[in-house]
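Read through the structure below, which is laid out as structure tokens, and then see the notes.
The values are calculated or read from the model by the stated rules, or taken from the named source; none is laboratory data. It should be emphasised that the depicted structure is a prediction, and the values quoted were computed from it without experimental measurement. When we count neighbours, we look across all protein chains shown, and the Cβ atoms used for this are built from the backbone with ideal geometry, even at glycine. Note: areas computed on protein heavy atoms with side chains; ligands, DNA, RNA excluded. Shrake-Rupley method; radii C 1.70, N 1.55, O 1.52, S 1.80 Å.
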Amino acid sequence: MIAVLQWKLSWDGGPDTMQMALLYGALLLHVLAFAVLLADALLRRALITWIGWLLFATAFLAATGSTVYRGVHAGHFPLQTMFEVFLVMGMLMFPLSVVCRKGLRVGGAALDALLAVLLLFPAAFVERFSPEPKLLPPALQSPLFIPHVATYMIAYVALAKAAVASVTVLILGADRASDAPRGLVDHETAMDRLMRLGFPLLTAGLVLGAVWAQRVYGDFWSWDPKEMLSLATWLAFALYFHARYTLGQRRPRILAGIVVAGLVLMLATLLLSQVRDLLSWLFDITFESYHTYSG
Amino acid sequence: MTYLRKIAMHLTIVLLTTLTVLSVLAAFLPAEGALDTAERAQRLWTSPPMIGVWCVTLGLLTVGMLAWPGVRRRPMVLAMHLGTLLVLAGMMLNSDKAHDWWNAARDPDKPANGYVLLTPEHPSDEIFRPTAQAAASGMGGMANTGMTFEEMYDSVGTLPVSVHLRDAYTKYYPPKPDRSGWMVSLVAHPADRENAAFVSEPLQRETPQLTLDSLDTPITARVTQVYSSLWLDAPTVLLADDEGGTLFPAKVGAEQPLKDGSTLRVVKYYQNIRPGRDADGEITIQDAPSVAGQPNVPAVEMLLLDEHEHERRVVAFRPGLTTHMGRPLLNDRYLPVLLTPSKARTNTAPSPMVQLELSRGDIGPVRGWFSPSAGEQPDRVRLQFLFDSEKAWTDAGEPMLMMQWQQMPQEYVAEIVLRDGEQTVASKSLRVNDPLHAAGYTFYLNSMDDRVPQVNLHVQSDTGISVIHAGMGVLLVGLFVGLWGGLWKRRAAAVPPSTSERDDEPTDAEPEVRE
């Protein structure tokens, strides 16, 4: 790991060294935070809890530093490229974790740190999500640009956390999913609360995107693949609420399955161009998309 | 009633699942013929069976709001469903199909959307749509596809007002100060795939030299000077020598003393210079009227008066054409070029100017100025102009110099005026994110090609838009208040929408948090 970091730093050089150093630092600190918080979940010692949260907070500061540096370097709010999107989503995990714990009584800090690692990893190491900043084309110069993407990013991390909770429910099943960890709600309730946290934000992101599209292109809806997948994601999560109304809490595994399906659609929306490249490569077909700039 | 509700609820679950699956399918429809994924998705989702599905959706939303006390008596849950219903209904009202149905019954027609094609000389009130044939050829424009106007566009109706284009231009991001991303290239046989040869150098910091040595007689281009930031507000002559350069206004009467004691005086400015021949067959130059679709070639005619009062006529052109037509080289030392401020680059630093020295075999070196023009296409200069001799380039096809840079449009602007007869209805400086709402339509500027003085303005009918906006507002209020309300209570009594279908009055209970 250290060798890779050294190689990356020496290889990048130039004005971006600071950017990458902060990013790798954030990644490493999140890995450490995950390890310590995991140990805390098993051992339950006050000191370990304290160290774990301290590491998590420091990791957040490093990720924030990297994001701010990026924003200054690019000259605009850093939510344009995939690199920036992953960086910001990784940064959001700590505040989400705190809000969930203090406000919603939903735990899972160790898994949040792990999720941050998974989100920061593509920014740090996947070559095609280039860290080179880009200029904003005319269509992106809108006051709705930041609200649209930022709302989506917050919704995505909240719903990703919901999906992590739903995997727990899937594994534990109906009986054990209602077990509550100390001071927190049970897993099924945690999943539901996170869904309720994320779904309005997801809808707001979708609506802001539609309003923006209407201001730029004249149509709320362009039938673009990224739009269709974001609609599929929204419909799947709407299905969750209707299913929960119908089934109540009697069939937590079915509900959890819907949330996981929603996560798959969400990932496909986020990584659309990668998914399409894969499909094109596998089946030799071609697509077109407006959202290519987000690449 | 309970039984019917059960059926409606199951229908809702089935409908949501079906729509999810159809959305995923629509996102991955492979392009087929002229139709790309999005167009195939649109056809699928607006096909007659889907119109049925939309009506069922509207029906279920209505039934949901009326038949479930749990929805009806909770304002926020009601708002979620009402908002969704309004958005869907508004979209249906705004659709092409709804306009087609309405237009069958009303006169005059109100087309749902289309394009108004404008040039500064030709106002228009006609709405066009690209023909299937034009869509199939990828909308490359008439110049690229060789199609006639009638083959490219169908007229679908008229606007209640006429649209006048006052002005249209593109603003670009300034080039990077360190000139990174700039490339100068030499190309031989550009049109011939087999024999094409290409050499390219970055234009950064140092002055590069390029040699095309795959030819029988190699061509060499040496960059001798680079000006990277010239600010202009009026036509200006640049006189550059080895020690730098002098700028003076290209205004009739302006005089510029030179270092060798001679003087340069501007005698005439040409908006669009064209060569011609007089009665004796001598080459003359004249100011010709602009031709639509062709760029003007501005030039400045100067007199060089040396210390012996000898006169010599000198014509300076824009970069790239400098050595073309006549003998513009003043002497070995000076090479004048005419720089004109470009509207496309308002508020941005102008692009770099490069002085090159070209040689081939025993010809040259010939000096020339070279600058990329605005636009995303690289500027190309055919070397035949620079050499001014046929011998130099015959075995290299028509060798070209190209300058490439990643020039990004920062803003498109089109100033339009809407008129009803003689009366001005509205006027606005349109930008990409700033449309104009007037006369029952919204006017959008999507993009622009600043090489062609034409703007295709997208117009979209306003019918149903306010319904959609209202629906979005109601939906969001319902969701945020309904789902977030009670979520932040630390302990007991947070509210899930409902826990079971059996109780029409669901309790607001959630399991107590166990400490």
Heavy-atom accessible area per residue of region A:184-295, all protein chains kept, 1.4 Å probe, expressed in Å², is 34 Å²
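Net charge near B:S155, counting Lys/Arg +1 and Asp/Glu -1 over other residues with Cβ under 15 Å of its Cβ? Let's see the in-between values first.
Numbers: positive: B:K110, B:R129; negative: B:D109, B:D125, B:E126, B:E150, B:E151, B:D154.
Here the charged neighbours net out to -4.
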Note, A:A213: beta-carbon cut-off 10 Å, +1 each Lys/Arg, -1 each Asp/Glu, net -2
Buried by partner chains in region B:14-36 (accessible area down by at least 50 Å² vs chain alone, 1.4 Å probe, heavy atoms, protein only) are B:L16, B:T20, B:S23, B:A27, B:F28
Those residues in region A:185-231 that give up at least 50 Å² of accessible surface, probe 1.4 Å, once the partner protein chains are present instead of the chain by itself are A:R193, A:R196, A:P200, A:V207, A:Q214, A:R215, A:V216, A:F220, A:W223, A:M228
Surpassing 29 Å at the alpha-carbon level, of the pairs B:K251/B:K428; B:K171/B:K428; A:K161/A:K226; B:K97/B:K171, are B:K251/B:K428; B:K97/B:K171
Between chains A and B, the summed loss of accessible surface on complex formation, probed at 1.4 Å and reported to the nearest 100 square angstrom, is 6200 Å²
Computed over region A:59-147, protein heavy atoms only, probe 1.4 angstrom, the accessible area per residue in square angstrom equals 36 Å²
Applying the span-like rule to chain A (DSSP H, Cα extent along axis at least 18 Å, Kyte-Doolittle mean at least 1.6) gives A:17-43, A:82-99, A:109-125, A:252-270
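Quantify, in whole percent, the carbon and sulfur part of the accessible surface of region B:1-128 (1.4 Å probe; protein heavy atoms only).
On the way: 4530 of 6550 Å².
Whole-percent figure for carbon plus sulfur exposure: 69.
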Around A:M89 (Cβ within 13 Å, Cβ-to-Cβ, excluding A:M89; K/R +1, D/E -1) the net charge comes to -1
In whole angstrom, the spacing between the Cα centers of region A:185-220 and region A:56-73 equals 25 Å
A 1.4 Å probe over the protein heavy atoms gives region B:407-447 a carbon and sulfur accessible-area percentage of 38 percent
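Heavy atoms only, probe 1.4 Å: what % of the accessible area of region A:49-101 goes to carbon and sulfur, would you let me know?
That fraction is 83 percent.
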